[in-house]
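*Asks:* Dropping a structure here in structure tokens format, bear with me for questions.
The values are calculated or read from the model by the stated rules, or taken from the named source; none is laboratory data. The shown structure was predicted, so the numbers you read here are calculated from the model rather than taken from an experiment. Cβ coordinates were reconstructed from backbone atoms using ideal geometry, including for glycine residues, and neighbour counts include every protein chain displayed. The protein model used for the area step is the full one, side chains on, heavy atoms only, and it has no ligands, DNA or RNA in it. Shrake-Rupley method; radii C 1.70, N 1.55, O 1.52, S 1.80 Å.
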Amino acid sequence: MLELIRQPWPWYVAGPLIGLTVPALLLVGNKALGISSSLRHVCAACVPAGIPFLNYNWRAEIWNLWFVLGIGLGGYVGYQLLGHPDTIAISAETVRDLKAQMGLTDFSGLLPRELFALENLSNWKGWVFLVLGGFLVGFGTRYAGGCTSGHAISGLSNLQWVSLVAVIAFFVGGLLMTWLFYPMMF
Amino acid sequence: MKNLKYLVLGVLFGIILTKSEVISWFRIQEMFRFQAFHMYGVIGSAIVVGMLSIQLIKRNHLKSLDGEPIRIADKKFNHGTWIGGTIFGLGWALTGACPGPLFAQLGSGVASAAVLILAALAGTWAYSALRERLPL
């Protein structure tokens, strides 16, 4: 059993477990699954700067910060304690395309070192992938009122048409980056 | 310690995200290039299970642990839904991560995730500051 848990989990195990997080949070505390809000709570707690959108009682939402802290711990347990392959077994076509189109050679780890290594902050790649990328995630999720968890999982589970619009927009953005902007950058 | 239950659920959620490799930039690229079913399977089956669970909760009028009737606020539409959604999508394909995976990456030992999280906080802060001047 432990050997099975230490292998990468297939979608039909992980997906339903992620889905069960939605009723679990509702049942234990009437909370809707959503992670990007945690970024707003941290801003409100640390740098409110008199901004009306950051002036609210973030302490009432502190459960969200505990949940996010747990996700971090879960990342440690899932990766360091429960094992991981050196190289993730992505499809051969993706490897081929990333080599040919982006010049990647190192496919080990969770993120390609050639784009995300901290040393890259001395050139444009680091600033685009680490700084601009992170910024767009933080800006866009709050503007859209949710991320993959709040809109795609939680919102669509609750049959919210607004979330369907949001998820389509997430994909439009992702496809534009992958198919239009990446080829312009590399 | 009423927040302990959220910490525990967070740990489980983080383990699932990590073991299913959805926190990997490579998996997200595979998804946006339509070259594997993995991510679609994870997200799709999560939605189906979430949907069935919410239906069960609603039909049986289930209550939460502290006895309150379960209520889920409706999501409200504004222009941010699609403009912000597209902006997030651009960032999702760049970083290969949405907010949940960023925290799991940091825990797994990826130092760069700290920079990504700081940049995401800066993005959220910038949105908050500019909010009244953006189309809503």
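*Asks:* Does A:Gly126 fit the bill of being within 20 Å of the chain's Cα centre (by Cα) and either in contact (Cβ under 8 Å) with a residue 60 or more places away in the chain or closer than 20 Å to A:Ser38 by Cα (or both)?
*Replies:* no
*Asks:* With the condition kept exactly as written, say whether any residue in the stretch A:91-111 is small (Gly, Ala, Ser), under 15 Å from the mean Cα position of the chain (by Cα) and at positive phi.
*Replies:* For the stretch A:91-111, residues small (Gly, Ala, Ser), under 15 Å from the mean Cα position of the chain (by Cα) and at positive phi: absent.
*Asks:* I'd like to check something: does the stretch B:94-105 contain any residue that is free of Cβ contacts under 8 Å to residues at least 40 places away in the same chain, crowded, with 24+ Cβ neighbours inside 10 Å, within 21 Å of B:Ile16 (Cβ to Cβ) and not hydrophobic (A, V, I, L, M, F, W, C)?
*Replies:* yes
*Asks:* Going through the stretch B:77-86 one residue at a time, which ones are open to solvent by 10 Å² or more (accessible area, probe 1.4 Å) and more than 17 Å from A:Trp179 (Cβ to Cβ)?
*Replies:* Within the stretch B:77-86, B:Phe77, B:Asn78, B:His79, B:Trp82, B:Ile83 meet the criteria.
*Asks:* Scan the stretch A:129-157 for residues that are assigned to a loop (DSSP other than H, G, I, E, B) and in contact (Cβ under 8 Å) with a residue 24 or more places away in the chain and report the count.
*Replies:* Total meeting the criteria: 2.
*Asks:* Then there is this: Please state which of the following conditions B:Asp66 fails to meet, knowing it meets all the rest: (1) free of Cβ contacts under 8 Å to residues at least 24 places away in the same chain; (2) touching a Gly at 6+ places or on another chain (Cβ under 8 Å); (3) facing chain A (nearest Cβ under 7 Å).
*Replies:* It is condition (3) that B:Asp66 fails.
*Asks:* Can you go through B:Ile117, B:Ile72, B:Ile83 and tell me which one is part of a helix (DSSP H, G or I) and without any contact (Cβ under 8 Å) to a residue 40 or more places away in the chain?
*Replies:* Going through B:Ile117, B:Ile72, B:Ile83 in turn, the sole match is B:Ile117.
*Asks:* If we keep just the residues of the stretch A:112-123 that are surrounded by fewer than 18 Cβ atoms within 10 Å (Cβ to Cβ) and assigned to a helix (DSSP H, G or I), which is farthest from the chain's Cα centre (by Cα)?
*Replies:* Result: A:Ser122.
*Asks:* Here is a further query. From A:Leu82, A:Leu65, grab the single residue that is free of Cβ contacts under 8 Å to residues at least 40 places away in the same chain and surrounded by 13 or more Cβ atoms within 10 Å (Cβ to Cβ).
*Replies:* Of the residues listed, the single one that is free of Cβ contacts under 8 Å to residues at least 40 places away in the same chain and surrounded by 13 or more Cβ atoms within 10 Å (Cβ to Cβ) is A:Leu65.
*Asks:* Among helices (runs of 4 or more DSSP H) lying entirely in the stretch A:1-95, which contain 3 or more residues that are within 7 Å of chain B (Cβ to nearest Cβ) and at pLDDT 95 or above?
*Replies:* In the stretch A:1-95, A:11-29, A:37-46, A:62-76 are the helices (runs of 4 or more DSSP H) which contain 3 or more residues that are within 7 Å of chain B (Cβ to nearest Cβ) and at pLDDT 95 or above.
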